[in-house]
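Rule-based calculations on the coordinates, nothing more; no lab input. As the structure is a computational prediction, the values presented were derived from the model and not from experiment. Methodologically, a virtual Cβ is constructed for each residue, glycine included, from the backbone with ideal geometry; neighbour enumeration extends over all protein chains shown.
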Amino acid sequence: AQKVTQAQTEISVVEKEDVTLDCVYETRDTTYYLFWYKQPPSGELVFLIRRNSFDEQNEISGRYSWNFQKSTSSFNFTITASQVVDSAVYFCALLHPNAGNMLTFGGGTRLMVKP
Amino acid sequence: KAGVTQTPRYLIKTRGQQVTLSCSPISGHRSVSWYQQTPGQGLQFLFEYFSETQRNKGNFPGRFSGRQFSNSRSEMNVSTLELGDSALYLCASSLSGGNNEQFFGPGTRLTVL
């Protein structure tokens with residue numbers, strides 16, 4: 001069975017602070033994909049990143065960075081110099097290729113960035 | 001390129017009624033997946049359609065069904081609505097399957113009274 005845990009249900013920071021959102025996953029498969037999505041108040045899920053299980057390189061995209069560690073089954077997401085527009089709910093998700101496009105989502109982390 | 005569209009955006013129904021939600025994927029995308037989002041259960045996979053065939057199904061009762069048309073547009077139907085069916089229903093489209101990014105629509109918020 002696959003499972004994704006986002007232990008932080010809510011995080012509040014002040015603008016310009018760095019913040020890390022944790023994601024821990026469980027799977028017996030050796031081939032899988034990990035995703036992060038952002039859900040602003042409008043409700044639409046916005047794709048942020050996809051990472052396959054064979055690529056453990058960290059990735060940076062502007063103020064966003066991701067740390068993938070298979071040894072600890074974690075795929076953490078860091079926002080550097082947070083901004084008010086980063087306020088949203090962030091979801092980590094797991095996909096096994098043999099399951100078509102079925103994403104298993106974590107419970108989400110609500111990030112509030114205060115001015 | 002137009003994104004994923006879902007209609008209607010908001011819907012109010014009463015218990016026992018049935019409802020049909022529609023999703024138009026991004027042009028060229030052949031896979032459409034449906035998810036239910038509730039405060040209590042979070043985001044849960046309902047089913048996926050690919051080339052008009054249901055490819056995968058989540059753990060939901062038979063009251064939840066769907067279909068996909070030849071133009072890849074998809075509908076999901078919920079019969080005999082229950083209060084617990086109140087949720088945001090999200091549709092996602094993808095080129096094919098397995099490892100492609102899924103692009104989500106804005107969702108349909110269903111309220112069951």
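So what is the orientation-averaged projected area of region A:18-74, using the convex hull of its C-alpha atoms, in nm²? That works out to 4.8 nm², a quarter of the Cα hull's surface. Relative contact order, whole percent, for region B:18-89 stands at 36, derived from Cα pairs under 8 Å and 6 or more residues apart. Of interest is the spacing of the C-alpha centroids, which for region A:1-64 and region B:48-84 amounts to 27 Å. Across all directions, the average projected area of the convex hull around the alpha carbons of the protein assembly as shown is 12.5 nm². Pairs exceeding a 24 Å alpha-carbon distance, out of A:LYS16/A:LYS38; A:LYS3/B:LYS57; A:LYS38/A:LYS114; A:LYS3/A:LYS38; A:LYS70/B:LYS57: A:LYS70/B:LYS57.
Which log10 I(q)/I(0) values does chain A give at q = 0.18, 0.19, 0.22 Å⁻¹ under the Debye formula, counting every alpha carbon as one identical point scatterer? The Cα Debye sum returns log10 ratios of -0.87, -0.97, -1.26. In units of the compact-protein estimate 2.2 N^0.38 Å, region B:1-112 shows a Cα radius of gyration of 0.99. Does a label point 7 Å from the Cα of A:PHE54, set along Cα-to-beta-carbon, have any residues of region B:75-113 with amide nitrogen under 14 Å, and which are they? Backbone N within reach: B:99.
Given a cut-off of under 8 Å on Cα pairs at least six residues apart, what relative contact order in percent is computed for chain A?
Numbers: 281 pairs, mean separation 43.7, N = 115.
Across chain A, relative contact order equals 38 percent.
Scanning chain A for trypsin sites (Lys or Arg not before Pro) in DSSP loops with at most 12 neighbouring Cβ atoms within 10 Å leaves A:29-115 as the longest stretch between them.
The mean number of partner chain beta-carbon atoms within 10 angstrom of a residue's beta-carbon across peptide A:40-46 is 5.
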